[in-house]
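> For reference, the structure I am asking about is given below.
The values are calculated or read from the model by the stated rules, or taken from the named source; none is laboratory data. Being a predicted model, the structure only gives us computed values, none of them experimental. For neighbour counting, all protein chains shown are included, and Cβ atoms are generated from backbone atoms with ideal geometry for every residue, glycine included.
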Amino acid sequence: MSKYTNDIKEVTALRQAQGSKWEAINPEYAARMRAQNKFKTGLDIAKYTAKIMREDMANYDADSAQYTQSLGCWHGFIGQQKLIAIKKHLGSTKRRYLYLSGWMVAALRSEFGPLPDQSMHEKTSVASLIEELYTFLRQADARELGGLFRQLDAARAADDQKTAAEIQAKIDNHETHVVPIIADIDAGFGNEEATYLLAKKMIEAGACCIQIENQVSDEKQCGHQDGKVTVPHSDFLAKIQAVRYAFLELGVEDGVIVARTDSLGAGLTKQIAVTNTPGDLGDQYNSFLDAEEVSPADMKNGDVVLNRNGKLLRPKRLASGLFQFKQGSGEDRVVLDCITSLQNGADLLWIETEKPHVGQIASMVNKIRATVPDAKLVYNNSPSFNWTLNFRQQVFDAMTEAGQDVSSYERAKLMDERYDSTELAKLADEKIQSFQRDAAREAGIFHHLITLPTYHTAALSTDNLAKGYFGEQGMLAYVEGVQRKEIRQGIACVKHQNMAGSDMGDDHKEYFSGDAALKASGKDNTMNQF
């Protein structure tokens, strides 16, 4: 017996127990409303999606071709449309998530207006966006099921039992639009207690996976900008534990933590780590400091000095008070960060890189896996990279190494359109197309995401529309460039009233008022033109 059928029977029994005062209640309508509201709380969602992520991680361990993907979101509608598109084009949401980007929250959701990715936005906006995303995804479920219910009623009215059975099967086996969200908590927005409190709010809103980075919270920078400052491992691990306790307190035992290291591009630290014994984690962190040997006579007022094996070392300190790491130590620091994080409660890694290069990522992952064999990454397929130029240069370098003639190319100018039809450009595009598959297989990347895709698509599509509409094309710019494409590509939003819930409202009015219901979807509704 399906849940839908069982709910009808359950409400029927309740109605009978209540007698005549529930006479107007239709058990099937109540069952439909239950089906359209599968998840009652954010914690229901967090538990459900955490289980999905854990299963996907296990499947990836068995077969690297089973990697997962997501696109970044800054509004519930954007997330909803992504999942509707995924179901329409690919038939299933399996292994497809959403990413909540701290960058986009800062740039697009702060009450201060657009802000850089420096944790200056209201931290409550992060949890609020998670709740908003799941509100829209749940509405997508309700809308899709509502359409099936109307089809079911029509088939029954026509006494078409075969079609009615097919539609009922779709209802019984409906796949939800609710998927895991990997949610960016930045550097925790404060100390470990602040991290714990915000993590709780995010989990209560539905987050099953929280990504946290090892930068100093009040010095936080975007991963692709300069001036990044990392914290000693003990500080970062305390925040990982804070997030884990938040998951456990709320009963989400499968909650996933992504530990992000920015050490590859971070040359600074705000503090020297506490160390108790030679070779401990604090001592390892300090060993990367750029320091010079000094004698007591060399020491100046305010100097900070380390004692290492009987030698006095003075770390280089900038005018800002920050300490500098040795040049070229980034990869070794990344490896230590990752191993330490996985050994202390993190589930997945995020290595922020300066370019998309499978070999570079694999080099670090192989070192990590020598200690933690099942290490897996979440990787930022960032719009901050010039993908075209990077991959054309990678192909150029490979051709050069192979002794091929590259005299017709200028390496620094390979972005130029004049190279678009060349063999080099074709090879580069093939490498871009296979990048996620290759990196999943060779570099341990379990999850690929694009942080800011709709920030850029919104700008591009708006630019094209504005150019035509305010220019010579006038209304044709919208009709040809937007509406006609919506109709021919079957974009549900062409019926924007339906997408906003108008038909669901009509259904409810009929449930509540019967024949007296005043509906919006009659013959004069212009949506009937589509």
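> Could you run through the stretch 119-143 and say how many residues are of a type in the set (D, E, K, R) and either free of Cβ contacts under 8 Å to residues at least 60 places away in the same chain or in a loop (DSSP other than H, G, I, E, B) (or both)?
3
> Considering 447, 456, which residue is in contact with a Ser or Thr (Cβ under 6 Å, 6 or more places away or on another chain), of a type outside the set (Ser, Thr, Tyr) and within 24 Å of residue 74 (Cβ to Cβ)?
447
> Further, regarding this structure: Determine if the stretch 89-101 includes at least one residue that is in contact (Cβ under 8 Å) with a residue 40 or more places away in the chain, part of a helix (DSSP H, G or I), among the polar types (S, T, N, Q) and surrounded by fewer than 19 Cβ atoms within 10 Å (Cβ to Cβ). If you could, list the steps in order and put the result at the bottom.
Residues of the stretch 89-101 that are in contact (Cβ under 8 Å) with a residue 40 or more places away in the chain, as a first pass: 92-93, 96-101.
This time we only want the ones that are part of a helix (DSSP H, G or I), so: none.
Looking through the stretch 89-101, none of the residues is in contact (Cβ under 8 Å) with a residue 40 or more places away in the chain, part of a helix (DSSP H, G or I), among the polar types (S, T, N, Q) and surrounded by fewer than 19 Cβ atoms within 10 Å (Cβ to Cβ).
> Which of the numbered conditions does residue 473 fail, given that it passes all the others? Conditions: (1) out of contact with any Lys or Arg (no Cβ under 9 Å at 6 or more places or on another chain); (2) over 25 Å from residue 71 (Cβ atoms); (3) of a type in the set (S, T, N, Q).
With (1) out of contact with any Lys or Arg (no Cβ under 9 Å at 6 or more places or on another chain); (2) over 25 Å from residue 71 (Cβ atoms); (3) of a type in the set (S, T, N, Q) applied to residue 473, the lone miss is (1).
> Name the single residue that is surrounded by the fewest Cβ atoms within 10 Å (Cβ to Cβ) among those in the stretch 113-138 being under 9 Å from residue 205 (Cα atoms) and aliphatic (A, V, I, L, M).
127
> Pull out all pairs, ordered by first then second residue, where Cβ-Cβ is under 8 Å, the residues are six or more apart or on different chains, the first lies in the stretch 283-302 and is within 16 Å of residue 332 (Cβ to Cβ), and the second is among the hydroxyl-bearing types (Ser, Thr, Tyr) and exposed (fewer than 10 other Cβ atoms within 10 Å of the Cβ).
283/277
> Can you name the number of the only condition in (1) over 27 Å from the mean Cα position of the chain (by Cα); (2) modelled with pLDDT of 95 or more; (3) within 29 Å of residue 181 (Cα to Cα) that residue 442 fails?
That leaves (1) as the condition not met.
> Taking the stretch 467-519 only, how many residues are closer than 20 Å to residue 89 by Cα, outside any helix (DSSP H, G or I) and modelled with pLDDT under 85?
The qualifying residues number 1.
> Looking for whichever is over 16 Å from the mean Cα position of the chain (by Cα), basic (Lys, Arg) and not assigned by TED's automatic domain parsing to the domain that holds residue 138 here; the options are 51, 88, 21. Which one fits?
Answer to the selection: 21.
> Tally time: how many residues in the stretch 158-179 are part of a helix (DSSP H, G or I) and either charged (D, E, K, R) or modelled with pLDDT under 95 (or both)?
Qualifying residue count for the region: 4.
> I need the full set of residues from the stretch 57-69 which are out of contact with any Phe, Trp or Tyr (no Cβ under 8 Å at 6 or more places or on another chain) and part of a helix (DSSP H, G or I), in order please.
Hits for the stretch 57-69 are 58, 59, 61, 62, 64, 65.
> Give the residue, chosen from 369, 333, that is under 26 Å from residue 444 (Cα atoms), crowded, with 19+ Cβ neighbours inside 10 Å and over 24 Å from the mean Cα position of the chain (by Cα).
Sole residue among the options that is under 26 Å from residue 444 (Cα atoms), crowded, with 19+ Cβ neighbours inside 10 Å and over 24 Å from the mean Cα position of the chain (by Cα): 333.
> Could you tell me which numbered condition residue 86 fails, if it satisfies all but one of (1) modelled with pLDDT of 95 or more; (2) under 24 Å from residue 381 (Cβ atoms); (3) in contact with a helix residue (DSSP H, G or I) (Cβ under 9 Å, 6 or more places away or on another chain)?
(3)
> If the Cβ limit is 7 Å and pairs must be 6+ apart or interchain, which residue in the stretch 341-354 that is assigned by TED's automatic domain parsing to the domain that holds residue 374 and touching a residue at least 60 places away in the same chain (Cβ under 8 Å) pairs with which residue that is buried (at least 19 other Cβ atoms within 10 Å of the Cβ) and acidic (Asp, Glu)?
As it stands, the answer is 352/262, since those pairs meet every condition given.
> Something else about it: Test of understanding: among 380, 390, which residue is surrounded by 14 or more Cβ atoms within 10 Å (Cβ to Cβ) and in contact with an Asp or Glu (Cβ under 7 Å, 6 or more places away or on another chain)? First the steps, then the outcome.
Details: 390 fails: in contact with an Asp or Glu (Cβ under 7 Å, 6 or more places away or on another chain).
Answer to the selection: 380.
> Name the single residue that is modelled with the lowest pLDDT among those in the stretch 314-330 being in contact with an Asp or Glu (Cβ under 7 Å, 6 or more places away or on another chain) and assigned to a loop (DSSP other than H, G, I, E, B).
316
> Look through 190, 223 and report the one residue that is modelled with pLDDT under 95, part of a loop (DSSP other than H, G, I, E, B) and surrounded by fewer than 21 Cβ atoms within 10 Å (Cβ to Cβ). Spell out the reasoning first.
Working: 223 fails: surrounded by fewer than 21 Cβ atoms within 10 Å (Cβ to Cβ).
Residue meeting the stated conditions: 190.
> Which of (1) without any contact (Cβ under 8 Å) to a residue 12 or more places away in the chain; (2) of a type outside the set (Phe, Trp, Tyr); (3) over 23 Å from residue 437 (Cβ atoms) does residue 46 not meet, given it meets every other one?
So the condition that residue 46 fails would be (1).
> For the structure I just gave you, tell me whether residue 340 is more than 30 Å from residue 428 (Cβ to Cβ), of a type outside the set (Lys, Arg) and assigned to a helix (DSSP H, G or I).
Judged against the criteria, residue 340 is a match.
> Being surrounded by fewer than 15 Cβ atoms within 10 Å (Cβ to Cβ), assigned to a loop (DSSP other than H, G, I, E, B) and among the basic types (Lys, Arg) is the filter here, so list the residues in the stretch 268-313 that pass it.
If the condition is that a residue be surrounded by fewer than 15 Cβ atoms within 10 Å (Cβ to Cβ), assigned to a loop (DSSP other than H, G, I, E, B) and among the basic types (Lys, Arg), then 300 is the only one that fits.
> Is it fair to say residue 182 is in contact with a Phe, Trp or Tyr (Cβ under 7 Å, 6 or more places away or on another chain), at pLDDT 95 or above and assigned to a strand (DSSP E or B)?
Yes: the conditions hold for residue 182.
> Out of the stretch 437-457, which residues are more than 20 Å from residue 184 (Cβ to Cβ) and either free of Cβ contacts under 8 Å to residues at least 24 places away in the same chain or surrounded by 19 or more Cβ atoms within 10 Å (Cβ to Cβ) (or both)?
Answer for the stretch 437-457, where residues must be more than 20 Å from residue 184 (Cβ to Cβ) and either free of Cβ contacts under 8 Å to residues at least 24 places away in the same chain or surrounded by 19 or more Cβ atoms within 10 Å (Cβ to Cβ) (or both): 439, 440, 443, 444.
> All but one of (1) in a helix (DSSP H, G or I); (2) over 24 Å from residue 378 (Cα atoms); (3) modelled with pLDDT of 95 or more; (4) not aromatic (Phe, Trp, Tyr) hold for residue 218; which doesn't?
Only one criterion in (1) in a helix (DSSP H, G or I); (2) over 24 Å from residue 378 (Cα atoms); (3) modelled with pLDDT of 95 or more; (4) not aromatic (Phe, Trp, Tyr) is unmet by residue 218, namely (3).
> Moving on to the next point. Need the failing condition index for residue 455 against (1) at pLDDT 85 or above; (2) closer than 30 Å to residue 381 by Cβ; (3) outside the structural domain of residue 56 (by TED's automatic domain parsing), just the number.
Looking at each condition in turn, residue 455 falls short on (3).
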